[in-house]
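Q: Below you will find the structure I want to go over with you.
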């Protein structure tokens with residue numbers, strides 16, 4: 001299926017907007033269908049610019065990826081580790097556990113983690129929730145003193161495998177609440193059953209706490225909570241590992257493959273874009289009197305910016321990019337043409353051949369980058385960065401999810417319509 005650029009419905013803008021795809025597009029007809037759907041939704045005539053046949057050869061990419069079957073050679077309790085010992089500081093958590101539980105510079109210090117649990121125990125002792133089954137106003141009178149519970153907590157805490165490395169305040173608070181509830185519930189049940197709980201009885205107030213039921217209860221509940229936390233983290237880690245290998249890995253590899261091809265065959269791909277524009281009107285984009293409008297995804301945005309800022313530029317009245325990396329590439333390796341290297345501060349001034357730029361990004365798209373912090377338009381304003389809402393149904397690989405988002409069609413209608421109005425005013 002193709003879109004006939006010359007068969008323009010009545011009422012559509014005089015010149016169409018050209019859509020340049022990004023990485024991993026290999027089917028011309030599928031791309032044309034995506035563009036046709038966007039055209040219907042946006043109400044703007046769109047012409048697909050296909051260059052996927054010039055992209056990376058990906059039929060053998062999977063041969064370069066580690067096999068998931070190899071993971072099954074190692075014991076289940078190794079988690080994400082590959083069976084090879086990893087040098088670590090004494091007492092440091094295993095590498096996978098540290099990666100899963102460490103939240104960076106804002107993480108709680110080890111002492112603060114235990115303090116957070118202790119505070120939650122005290123809080124629960126002071127005001128248990130109404131639906132907890134405990135007596136109103138606090139734990140039962142036979143419950144052990146909170147300081148006794150905290151003393152045993154401090155002794156058992158270093159023996160936990162997962163919790164002592166966790167630094168999420170909500171998780172630590174729930175651990176403290178659950179531990180306090182377990183102690184109070186046990187005391188409440190014993191009291192209601194008429195069990196003696198004086199100091200002569202080896203109960204929750206045992207004279208030898210190292211042998212008593214309180215110590216056993218704290219140890220058992222803390223270890224239960226530790227196992228639950230560990231099982232939950234391992235389950236998430238396993239799914240994440242599978243996702244990284246089965247979806248994110250190949251997708252990222254295709255991205256890198258197309259980037260490498262573009263760096264080597266930039267002229268061929270630019271020529272393909274120029275051919276698509278010339279097929280509509282050879283005068284388009286040749287000067288400021290007939291600029292083009294461009295919509296570009298991913299690496300297509302890099303292509304569009306490179307062409308609009310080249311020494312012999314593609315004059316562009318409005319550019320809309322989504323999930324694109326133009327700013328990232330320019331910061332890492334200056335693109336040349338009419339662009340100066342990025343040196344911080346006010347950003348790089350774009351030439352007048354790129355009049356307007358709207359840049360869309362999705363929060364979980366790891367291949368999407370901001371434009372306004374690196375570039376300035378010729379009139380002193382900045383490109384407009386717009387965050388699109390994340391849909392849970394899109395999962396974690398959202399780089400290709402833009403095409404079906406209603407907000408993309410709305411953004412195209414706004415950006416391209418605004419550019420047309422300005423072109424008409426200039427004319």
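Q: Among the listed residues 261, 273, 294, identify the single one that is closer than 28 Å to residue 417 by Cβ, more than 25 Å from the chain's Cα centre (by Cα), touching a residue at least 40 places away in the same chain (Cβ under 8 Å) and part of a helix (DSSP H, G or I). Steps first, answer last, please.
A: On the way: 261 fails: closer than 28 Å to residue 417 by Cβ; 294 fails: part of a helix (DSSP H, G or I).
The conditions single out 273.
Q: Okay, next question. Looking only at region 353-369, count how many residues are in contact with a helix residue (DSSP H, G or I) (Cβ under 7 Å, 6 or more places away or on another chain) and farther than 10 Å from residue 323 by Cβ.
A: Residues of region 353-369 in contact with a helix residue (DSSP H, G or I) (Cβ under 7 Å, 6 or more places away or on another chain): 353-354, 356, 358, 360, 362, 367, 369.
When the remaining residues are screened for being farther than 10 Å from residue 323 by Cβ, the result is 353-354, 356, 358.
Within region 353-369, residues that are in contact with a helix residue (DSSP H, G or I) (Cβ under 7 Å, 6 or more places away or on another chain) and farther than 10 Å from residue 323 by Cβ number 4.
Q: Among all residue pairs at least 6 apart or on different chains, which show Cβ distances below 9 Å where the first residue, located in region 101-122, is not assigned by TED's automatic domain parsing to the domain that holds residue 174 and buried (at least 19 other Cβ atoms within 10 Å of the Cβ) and the second is at pLDDT 90 or above and in a helix (DSSP H, G or I)?
A: none
The values are calculated or read from the model by the stated rules, or taken from the named source; none is laboratory data. Since the structure is predicted, the reported quantities are computational estimates derived from the model, not experimental observations. Here Cβ is always computed from backbone atoms with ideal geometry, including for glycine, and neighbour counts include all displayed protein chains.
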